[in-house]
Structures are given as structure tokens and as C-alpha cells.
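A quick write-up on the structure given underneath.
Every number in this text was worked out from the coordinates using simple rules, so none of it is lab data. For clarity, every value in this text was computed on a predicted model and none was experimentally measured. Neighbour counts are summed over all protein chains in view; Cβ atoms, including those assigned to glycine, are modelled from backbone coordinates with ideal geometry.
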Amino acid sequence: MIIKGRVESLLREKEGLLNALLYLGISIFVGFGTAVLVWAAAGFLGTVLKPLSLVALAGIVSVGIMVGLLLYSWLKDEPEHAKALMSHQILGIANETLPYLRKGLKTESASKVAHIIWKRSDAIAVAITDKMNVLAFRGVGESHHEAGKPIITRATRESLQYNESRILESKADIGCPVEGCPLQAAIVVPLTLKGQAAGTLKFYYSSREKLTESHISVAEGLAKLLSTQLELSEIDRQTELAVQAELKALQAQINPHFMFNTLNTIAMFCRTKPGKARELLIKFDDFFRKSLERPGLLVSFKEELDYVNSYLVFEKARFGKSLQVSQHIDPLALNIRLPALTVQPLVENAVKHGTPADRVLTVNVKAEVTDSEMVVEVKDNGIGIKAQDMDKIFQPGFGKGIGVGLHNVNERLKNLYGQEYGLKVMSAQGTGTIVVLRVPLQNNTILGVTHEA
């Protein structure tokens, strides 16, 4: 059935080439015929006009051949023009559907894609399925080919089973059991994921004459591009799962030194200030619960700041007046979303590695919002970083906080927002350190409104 359909459509398209050859033959024949008539007429006119007749003969033959060649050349180039139009159509549709199928083969995304293809093609209906159900159907026949219902056409099930296209030339080939279904011809192409059929893309037509080679090529080319988008969506999904697993692991990696120091501080207050010890125990429980139960990859800056403040409760209890913390926060920053566990590790690094022996450690957390990004700065007046260590600060394990080092924070920011959004660190030994974290506002959410820079 597939081979027969392809051969017939190919013959229909190659008909233009045969016509071109026919026109060429006719043009040459007319040219020669006219020239012969002129030659004969010249014979009656005498020898005086014979040289002119020879010129006319050559001219007419040349014109006839040139007209034929021009006509042939125009028709010969027509398939290339058609190929260019097909490529433009496929790429145009693929570009318009890209934002949707990157979300995976789901009802909502399939509905958007089917509508775009139906609108931009000459098919009377377009459908997309997964392996079990019709995800979307647009065009003639929507009354019984309903989205969300199980696949009812035999050809679609076969295309999924054998992972190959189906060219259907009649209503019987389509196999729709509904009486009076207007769909008379179709092209069914599998959508693949990891080499296996994950769904189908279907173009329906009103007659078999529409099953041309160009229509088949468009369907198969488009299915390949959509399959590529599905592959990318799967990569995105796997990446997100990996990042979620990494974050879960990070949230569970509570630095034992921090735990022991905090418990020792609480134990000390049990003898001198029992009320303070009780308060710290409650906050300690709340801090650990937050660290293990924080939902999602992104949190609001307010949530991250609350986590920072919970952490600082224990460090202030431990260091007393030797640790001073100040905050200067732009109110617009509070609802901007950023990766969880990004600001807290910077503050902990300032406390853990910056505390000087001869003066009070001051840590300042500042956040401000510009037209295009949120800028968070963690600054301390501590001992600073040695010049020879500056090249090592982003190496795994260097400058660890509670299981989350500068390396991890830096890599997560770059992976999420781009290489230019890595941490910026400025430090001078004996003076202090400044760490700058930037979050782009494009596609971020501020007070529930999408901000597009």
C-alpha cells in the first residue's frame, strides 16, 4: 500500500517533466516546419532571395529551439522551487511549534501544535496521538475524532506498532468505524522518542489525489523535526530530575561541624539560660525541617532570606557580640524567584571562613533590583582570601558551607541562567570579601506577574 501510493504520487509529479519534453519536441518541430516552408517559398521566388531564406531558416530554427529550451528549463526548475517551498513550510511550522512540544507530548501542547499545523497546511484535518489516545484533533471530523478518546483507526495502531508511515488511499484504509466519516485519505507518520514510536502525526485529505510526494515529504519531514523536539523535552525532563535529586541531596547534607557547634551552644545555654536554650532548640528543629522540606528548585528571595535568618540565629548565639549582621533589601526583590540554597551558603562562608581574631565580624546582605536583574551582595570585613587561593575558590569542596560549597552555587547559577551569571568574588587579605550573585528578571515572576526584560 505504501509503495503503491508513493509510485502513483511520484508519477503525478513527474508528469510535468514529460510535458516539458513534449513542449521541447513541438517547439523544434514547429521551427523546422516553418523553416521548410520558407525554404520552399524561396525556391519559387528565385535565386535572388535564396540567401535570405537560408538566414530565415537558421533564425527560425534557432528561435524554436530557444523557446523550447527556455520552456524546458522553467519546468525543470519547478521541482526545486517546490522543494524550497516545502522546506520553508516545514521549518516555519517547526519554529512556531517549538515552544509547545518542548513541554512533552501532552494534551495541551499537542492541541497547540495540531492547530498550528492545520492552519498552515492544506489538510482538511490534523491529529496528534500518543500511544493510546487522541491528544488533539483539528478540522473536519472533530465530532467523532475527539481529543482524549482512545485511538479508533486501525492504521494509527499499525503505524505505532511497526514504527512506520502509512499512506491511506481510501476510507476503508483509514479504518474509521463511524458511518459517513468525511476523511477519505490520510498520511500517518510516527513520532519517535529514543527510536521507538511514542505517538503519531496524521494529515487527513478529502481524496487520494492529495497524496502527492510533496505532501508525504512534508509530513515525514515535519514528524522528524517534531520528534527531535520531543527528544529535547525528554532531555530537559531528565535534567530537571537530576537537578532535583542533587538539590535533595544537598538539602540532606547538613555539615556535622555546624550541627555539633549548634548543639554545644544550646547545651551551654541549658546551664546558664534555659529559656534561651529552649528557644534555640525550637528554631533548630524548624531550621532542619526547612532544609529538608523546601519544595521545588526555585524559591522566592523572601524564603531564602528567612532561611538565612534562621541560620544566623544559631551563629549569633554562638559568637555573641563578635558577629554583627545587617541587611539592606529592596522590597521588589522579595518576590523574585531564585534557586534554593544560594544566598545562605554565601553568608555561612562569610561567617565560617571570615571571622577575624582581632575585631567584630560584620556581614552585610544587600539586594537591589535593576531593570534587568536582581543583584545580591554578601559583604564581610573578615580576614579575606589569600591571593594564591583565589583561583581555587570554585573548585569542588573549597569553602564549603552546610554541605553546599561556592562551587555548587556557582555551577547551578551558570547552568540555569548562563555562563555570565556565575558568582563574582572580590577579596583582599585582611580587608574582607564581597560575593555578588545576579538573577535575570526575564521570565522571572514578580508579585505573580511575568517580567520580560
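In what sequence, highest mean first, do 124-131, 161-168, 379-386 appear when ranked by Cβ atoms within 10 angstrom?
Highest-to-lowest ranking by the protection proxy: 124-131, 379-386, 161-168.
Quick check: pseudo-label points 7 Å beyond the Cα along Cα→Cβ at GLU368 and VAL313, how many nm apart are they?
It is 3.1 nm.
Hey, which of these cross-link pairs are over 29 Å Cα-Cα: LYS366/LYS414; LYS119/LYS414; LYS171/LYS194?
On the way: LYS366/LYS414 21 Å; LYS119/LYS414 39 Å; LYS171/LYS194 32 Å.
Correct reply: LYS119/LYS414; LYS171/LYS194.
So how do LEU193, LEU160 line up by other beta-carbon neighbours within 10 Å, fewest first?
Ranking LEU193, LEU160 by Cβ neighbours within 10 Å, fewest first, gives LEU193, LEU160.
Find how much the distance from ASP389 to LYS149 grows on full extension, using 0.36 nm per residue of separation minus their present alpha carbon separation; answer in nm with one decimal.
Here the segment from ASP389 to LYS149 would lengthen by 80.1 nm.
Give, in nm to one decimal, the length gained when the segment between LYS119 and MET259 is fully stretched (0.36 nm per residue of separation minus the Cα-Cα distance).
Here the segment from LYS119 to MET259 would lengthen by 44.2 nm.
Just rank ILE282, ILE216, fewest to most, by other beta-carbon atoms within 10 angstrom.
Taking fewest neighbouring Cβ atoms as first place, the list is ILE282, ILE216.
Evaluate E = 1/(1 + (r/R0)^6) for GLN419 and GLU179, where r is the Cβ-Cβ distance and R0 equals 51 Å; express this FRET efficiency to the nearest 0.05.
With a Förster radius of 51 Å, E is 0.25.
Using the count of nearby Cβ atoms within 10 Å as a rough guide to exposure, how do TYR204, TYR421 rank from fewest to most?
TYR421, TYR204
Once the piece of chain linking GLU158 and THR107 is laid out straight, how much longer is it, given 0.36 nm per residue of separation minus the C-alpha distance between them?
Computed gain between GLU158 and THR107 is 16.2 nm.
Can you flag which of LYS302/LYS392; LYS276/LYS424; LYS302/LYS352 are past 28 Å Cα-Cα?
Exceeds cut-off: LYS302/LYS392; LYS276/LYS424.
Along Cα→Cβ, 7 Å out, is where each label goes; now give me the distance between the ones at SER206 and SER322 in nm to one decimal.
8.7
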